[in-house]
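Values quoted throughout were computed directly from the atomic coordinates according to the rules given, and no laboratory measurement underlies them. All values reported here derive from a predicted model rather than from experimental measurement. Reconstructed Cβ throughout: ideal geometry from the backbone, glycine too, with neighbour counts over all protein chains shown.
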Amino acid sequence: MTDSPIALPPYAQALDMTIVDEIDGVPVIGMPFADRVQGRPGYLHGGAISGLLEIAAIAAVHRALQAKGSDSAIKQVNVTVDFMRGGLSQMTFAVGEVTRLGRTMANVEARAWQDDRDKPIAMGHMHYLIKAKREDAA
Amino acid sequence: MAFGKPDLGSIVPKGTEFDPALVNKMMGKFGHGGFLDMEYVGHGADWVELAIDWREDLVADPDTGILASAVIISLMDNATSMSIWTKLGEFRPQVTMDLRIDYLRPSPSGERVYGRGICYHLTNSIGFVRGFAHNGNPDEPLAHASGTFIRIGDRIS
């Protein structure tokens, strides 16, 4: 990686998420299957899939801010997740795409897949508020 | 299947009144619900409330201790899902079609988070849900949720 590495948050580490690759300079996050991410037997829990999408989305925003030379913090406003396919008991990947990065907010799409990136198991749509540097924030 | 647990259908036999407290002993104690250690709080005719205790490893930002957003999603997913079965009075296999969460404020460090899921309409195939999360006072919500679940019959994928 060319930019400074992104430390994944405790929540992501607890679910064993790691940066496994990059697509167009944006980190791809991987999450192995385990009991702690399982919903109904044999399938991923929707909340764990959402968690993976969010970590990928946040990583994408941080990368986009870094690319602009910004050290702003972000605050999540909302998230919508569409669940398209059951997540099977295998490795899952996710990557975020910042569709617009403005001065006050970022629009992000995130995609989670297993074997085939063209067959997403879930898509997330997020809005983040861009805040001034943390020490300046109220 | 390595992580197989009894299917919900087997502990909620057809014709038995749906009991969210009993079902949460499985949904909240095994798998992802177990990892988050979801607790049953209460229910009414069309709602179920669950809770998750704050924990260091559920945090999004170590500097602030704010809970990861996905913890709220999981909480609202389980609570709204169970509100459908509660309104229906019985279990039916279903999956989450979509779920939206609006964050009014973060869930602060050390605070237990409660999620109330409400089923406001049911059709033969779709359950329409909404809900909110709070830190102990339902009049001060931290997030609002809305979503839909689709019945999957006996099909499991």
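Report the local net charge at A:GLY30: Lys and Arg +1, Asp and Glu -1, summed over other residues whose C-beta lies under 11 Å from its C-beta.
On the way: positive: none; negative: A:ASP16, A:ASP21.
So the environment of A:GLY30 carries a net charge of -2.
Kirkwood hydrodynamic radius for the range B:44-157: how many Å is it when counted over pairs of different Cα atoms? Working shown, then result.
On the way: mean 1/r = 0.0698 Å⁻¹.
Computed over the range B:44-157, the radius equals 14.3 Å.
For the protein assembly as shown, what does the equivalent ellipsoid look like in terms of its semi-axes, each the square root of 5 times an eigenvalue of the Cα gyration tensor, given largest first in whole Å?
Numbers: eigenvalues 197, 89, 53 Å².
Semi-axes (√(5λ), whole Å): 31, 21, 16.
Compute the long axis of helix B:69-88 from its Cα atoms, compare it with the longest principal axis of the Cα atoms of chain B, and write down the angle in degrees, 0 to 90, nearest 10.
It works out to around 30 degrees.
Show which aspartates and glutamates lie in cross-link reach of A:LYS119 when reach means a straight Cα distance below 20 angstrom and same-chain residues fewer than eight apart are skipped.
Correct list for A:LYS119: A:ASP21, A:GLU22, A:ASP24, A:GLU54, A:ASP82, A:GLU97, A:GLU109, B:ASP98.
Angle check, please: helix A:46-67 long axis (alpha carbons) against the longest principal axis of chain A (alpha carbons), in degrees 0 to 90, nearest 10.
30
Provide Rg over Rh for chain A; use the alpha carbon set for both Rg and the Kirkwood Rh (inverse mean inverse pair distance). Before the final figure, lay out the partial values.
Values: Rg = 14.8 Å, Rh = 15.2 Å.
Ratio of gyration radius to Kirkwood radius for chain A: 0.97.
About its Cα centre, how strong a charge dipole does chain B have in debye, to the nearest 20, once Lys and Arg get +1 and Asp and Glu get -1 at the Cβ?
On the way: 14 positive and 20 negative charges, 121 e Å.
Here the size comes out at about 580 debye.
In whole angstrom, note down how far apart the Cα centers of the range A:11-90 and the range B:24-67 are.
Measuring centre to centre over Cα atoms gives 19 Å.
GluC sites (Glu not before Pro), restricted to the range B:23-131: which are DSSP loop and have at most 10 other Cβ atoms within 10 Å?
On the way: sites: B:GLU39, B:GLU49, B:GLU56, B:GLU90, B:GLU111; in loops: B:GLU90, B:GLU111.
Here no loop site has a sparse enough neighbourhood.
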